[in-house]
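In what follows, a single structure is set out as structure tokens and then discussed.
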Amino acid sequence: MFNLTIVDHIRLSFGNVAQNYTRHARAADRLTRLALNARVAILVLLGISVGLSVAIALGAGRTVQLSLVVVLSLAFVSYAIVASLGVEDRLLGHRYLANRLWLLCERYRALLAEVQDGLLDRNAILARRDALVQQFGEIDEQGLAAQSVSSGGRGRAQSPARALTEEQIDQYLPLTLRKTGQPDAAAQTSH
């Protein structure tokens with residue numbers, strides 16, 4: 001058997017929220033780079049098309065005309081692929097979820113700080129913890145629904161998350177709320 005205190009449970013829940021925040025933020029970053037690269041590629045193809053169109057207008061031959069058809073076709077196919085993948089919608093969805101999860105992380109940090117400072121009684125702690133867990137469940141359901149729609153109903157494409165260690169949870173917390181590697185009293189008073 002093991003003992004799990006209320007604070008331990010709050011920390012574990014916080015770690016799960018922070019981990020999900022990180023996943024959505026990283027997904028948004030990847031999709032931002034993909035969208036930017038796609039836009040630049042399409043813009044370059046359209047720029048080349050404009051140049052080829054000018055050359056045709058000035059009397060260039062059949063080879064330039066065929067080149068224009070090829071470049072415009074590549075631009076169209078590139079745009080069609082990006083649009084069919086729903087990159088922009090997925091990007092906005094991950095940003096939205098990351099933002100909501102960040103705010104929830106802040107609420108968890110506030111709860112941990114208030115518990116540490118002794119500002120809450122047991123019932124208040126339990127009520128706040130339960131409300132935060134419920135909020136995370138609602139956000140997670142939205143994420144699953146959005147992911148299912150954007151991936152054609154396949155659900156989560158990522159591997160299941162592993163539980164964070166105490167050290168990993170501490171990375172998301174300020175020094176005063178960390179369980180491991182807390183600074184000693186001399187270090188706290190010297191700042």
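We did not get these values from a lab; they are worked out from the coordinates using the rules stated. Predicted model only: the values in this text are computed from it and were never measured. Cβ atoms come from the backbone with ideal geometry, glycine included; neighbour counts cover every protein chain shown.
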Counting only DSSP loop positions in the stretch 84-130, the trypsin sites (Lys or Arg not before Pro) whose Cβ has at most 15 other Cβ atoms within 10 Å are none
Which of the chymotrypsin sites (Phe, Trp or Tyr not before Pro) found in the stretch 1-104 are loop residues per DSSP with 16 or fewer other Cβ atoms within 10 Å of their Cβ?
PHE2
Evaluate the charge dipole of the stretch 6-175 about its Cα centre and quote only its size in Debye, nearest 20, assuming +1 on the Cβ of each Lys and Arg and -1 on the Cβ of each Asp and Glu.
700 debye
